[in-house]
1. Please list, in chain and number order, the residues 5+ apart from Trp261 or on another chain whose amide H is under 5 Å from its amide H, with Hs placed from the backbone.
2. If you average the sequence gap of Cα pairs under 8 Å that are 6 or more apart and divide by the length of segment 366-477, what percent do you get for the contact order?
3. What FRET efficiency comes out for Leu102 versus Gln126 if R0 is 30 angstrom and r is the Cβ-Cβ distance? Round to the nearest 0.05.
4. Using a Förster distance of 35 angstrom, determine the FRET efficiency expected from the C-beta separation of Glu217 and Ser303, and round it to 0.05.
5. Using Cβ contacts closer than 10 Å as the measure, can you line up Glu181, Glu345, Glu457 from fewest to most?
6. Give, rounded to the nearest 20 debye, the magnitude of the charge dipole that segment 1-93 has about its Cα centre when Lys and Arg contribute +1 at Cβ and Asp and Glu contribute -1 at Cβ.
7. Give me the dipole magnitude in Debye, nearest 20, for segment 366-477 about the Cα centre, with unit charges on the beta carbon: positive for Lys and Arg, negative for Asp and Glu.
8. Could you work out the percent of alpha carbon pairs in segment 366-477 separated by over 24 Å, rounded to a whole number?
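Throughout, read-outs are computed from the coordinates displayed, never taken from laboratory work. None of these values were measured; they are calculated from a predicted model. As a convention, Cβ positions derive from the backbone with ideal geometry for all residues, glycine included, and neighbour counts pool all protein chains shown.
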Amino acid sequence: MDLTLLDKIYDPEQFREQGHQLVDLLANHLTAAQQASGKTIDYKTPEIEKKFWEQYPKNQDFQTLAKDIMERSIHIHNPKYMGHQVAPANPLNALTALLSGLFNNGSAVYEMGMSNTAMEYLVTEQLCLQLGYDKDARGYFTSGGTLANLTALLAARSVQVSSGVWEHGHDKPLAIMVSEEAHYCVDRAARIMGLGDQGIIKVPATNKYIMDTNALEAAYKEASAKGLEVFAIVGSAPSTATGMIDPLDKIAAFAAQHKLWFHVDAAHGGAAIYSKKYGKDLRGIAMADSVAIDGHKMMMMPSLTTALLFKNGAHSYKTFSQKADYLLSHSEHEDWYNMAKRTFECTKNMMSIHWYTLLNQYGTSGFDAFVTHLYDMGKVFANLVSERPNFELALAPQTNIVCFRYVANGLDSLALNSLNEHLRTALVARGDFYIVQTKLRGTHYLRVTIMNPKTTEDHMKSLLIELETLALTHIKSTTVPLV
């Protein structure tokens with residue numbers, strides 16, 4: 001066995017040299033990206049990209065490898081990135097990610113992650129208080145909103161359903177209620193839990209794409225008449241497609257009336273609890289039994305890190321009750337420091353150090369500034385869209401998510417759908433800007449999420465001009481059906 005190879009792999013001086021080179025590369029990239037220098041995405045088809053890496057030279061020097069990875073990745077720090085709900089990670093947390101990567105401390109048991117376990121308790125305690133919960137609330141971190149929503153619904157089932165599902169399985173059909181506009185991960189969580197089609201009660205949305213609370217009572221009674229035991233209702237803050245926030249206070253009142261667990265998927269918008277201007281839009285969230293908030297969306301952190309918060313701290317222990325004596329011992333007091341008793345994950349990265357470090361260095365003001373500015377810029381973009389006769393909004397935005405489309409006289413609905421789909425494809429192919437798309441009740445919309453605080457009104461105007469140019473070129477070169 002050649003131990004010299006292992007010596008090389010773990011060589012501190014090689015790490016020092018490569019680390020300095022990488023930080024210099026990243027700092028230079030950050031400078032160029034923030035100045036909108038170069039493309040936001042140099043798009044390649046999946047097959048071309050796979051072939052590039054299949055044929056990549058062996059034993060390539062690390063600096064060249066890093067450069068190639070950077071060049072062939074989407075540049076989220078470019079202010080012309082206005083696509084998915086992923087934050088441009090703040091540089092300080094890039095360093096805490098490095099710390100986490102090297103130390104590799106988990107948090108299944110306290111000894112394997114002393115600092116990050118203690119930090120997790122303190123940060124989630126602060127989040128609970130900011131949310132409006134009292135001292136009895138508790139929380140923990142999970143790897144992403146999908147897992148957080150699943151874990152919350154598992155806790156809801158454990159608390160609400162008297163038959164002991166964890167030990168004995170389902171002995172009756174169970175169901176949850178959720179808006180038809182909710183993120184697909186809620187539907188997925190319900191299916192993982194074995195609820196099936198009938199156990200996912202989709203509540204209609206209004207013309208503003210928020211849950212129609214006037215339809216709740218009828219939907220609940222219909223489910224009960226079918227023999228379904230409804231145990232939870234989920235509100236979105238906001239929904240992913242439109243960025244609109246469900247009326248949380250009204251949903252909370254309905255949940256209390258029928259003794260349902262109320263969970264809020266606030267993966268994107270939960271950070272607004274720190275915004276003095278927009279926190280009011282989350283009215284009613286403090287009445288939720290559980291809330292999920294992503295750090296990697298509107299709190300500037302690297303992926304993945306999500307806080308799952310429980311109004312009743314005891315419920316945070318109810319989801320899982322398996323015995324693992326080699327890891328966990330029985331305790332008469334609250335052993336918050338043994339996280340495997342509470343989370344789906346046994347080992348997870350040191351995600352709490354991202355949250356703690358930001359709070360330690362900048363306080364809560366950084367979160368307020370980030371959310372408030374980006375929500376404001378969402379309205380700026382919407383105003384720019386409204387001022388141009390060849391664009392229309394799907395609806396006035398409530399957050400930093402804006403749905404809009406290009407319109408032209410003489411084109412029917414199918415042709416307009418096809419045109420807007422083409423515009424997004426052509427825009428990404430050019431690579432200067434990056435946006436996404438969605439379909440709302442059969443109508444194809446372009447979708448922008450202002451995630452970068454460096455994105456200015458001038459960048460937004462340039463985007464609309466480029467879309468207009470692409471649209472006119474496409475219309476002139478294509479035979480389209482007239483109305």
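1. Ala232, Ile233
2. Numbers: 147 pairs, mean separation 30.3, N = 112.
Worked out over segment 366-477, it gives 27 percent.
3. On the way: r = 27 Å, r/R0 = 0.88.
Rounded to the nearest 0.05, the efficiency is 0.70.
4. Values: r = 39 Å, r/R0 = 1.12.
Here the calculated transfer efficiency is 0.35.
5. Details: Glu181 23, Glu345 17, Glu457 12.
Least to most surrounded, the residues fall as Glu457, Glu345, Glu181.
6. On the way: 10 positive and 13 negative charges, 99 e Å.
With only Lys, Arg, Asp and Glu charged at Cβ, the dipole is about 480 debye.
7. On the way: 11 positive and 11 negative charges, 58 e Å.
Its charge dipole is roughly 280 debye.
8. Values: 1350 of 6216 pairs.
Looking at segment 366-477, the distances longer than 24 Å represent 22 percent of pairs.
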